[in-house]
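Report on one structure; see the data block that follows.
The values are calculated or read from the model by the stated rules, or taken from the named source; none is laboratory data. In this text the structure is predicted, and so the values were computed from the model without any measurement. Here the Cβ is made from the backbone with ideal geometry for all residues, glycine too, and neighbour counts use every protein chain on show.
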Amino acid sequence: MNEVALRELELSHYTPECNILNDLYFKDLSEKYQEALDKLPRQCQNIFRMNRNEGMRSEEIAIALNLSVRTVENQLYRGLKQIKKSMQDYLPVLLLLLVKNFLK
């Protein structure tokens, strides 16, 4: 499905009440994600952000930080594992958002 079709689908299910509730849920989830990310060790945070926010591959991060690719991959794995663990209580909220938005 292309971007235009996805946007039309999204708009077809828009209601002000639904949008406000989704915004609140999203804000809460974003805050919890940031808290989980902030709990990671500094190097792990940097590597995770470079990968997820900047779209850098493990090889690029390794070169930029003068680390081995294996170290970068291990840090990404550990960071993701810790974030998942921290966010597991919020899985029902995330699933609710997905169901409400995509299965109407």
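Brief remarks on what is shown
- Residue pairs whose Cβ atoms lie under 7 Å apart, separated by 6 or more positions or on different chains, with the first residue in region 38-51 and modelled with pLDDT under 95 and the second acidic (D, E) and surrounded by 15 or more Cβ atoms within 10 Å (Cβ to Cβ), do not occur.
- The set of residues in region 58-96 that are of a type in the set (D, E, K, R) and either in contact with a Pro (Cβ under 6 Å, 6 or more places away or on another chain) or loosely packed, with under 15 Cβ neighbours inside 10 Å (or both) comprises E59, R70, K81, K84, K85, D89.
- For first residues located in region 82-104 and modelled with pLDDT under 70, partners that are of a type outside the set (S, T, Y) and not in a helix (DSSP H, G or I) and lie 6+ apart or on another chain with Cβ distances below 9 Å form the pairs K100/H13; N101/H13; F102/H13; K104/H13.
- Condition met for C18 (closer than 29 Å to L95 by Cβ, touching a helix residue (DSSP H, G or I) at 6+ places or on another chain (Cβ under 9 Å), modelled with pLDDT under 80 and not in a loop (DSSP other than H, G, I, E, B)): yes
- Screening Y25 on (1) modelled with pLDDT under 90; (2) in contact with a Phe, Trp or Tyr (Cβ under 8 Å, 6 or more places away or on another chain) shows it passes everything except condition (2).
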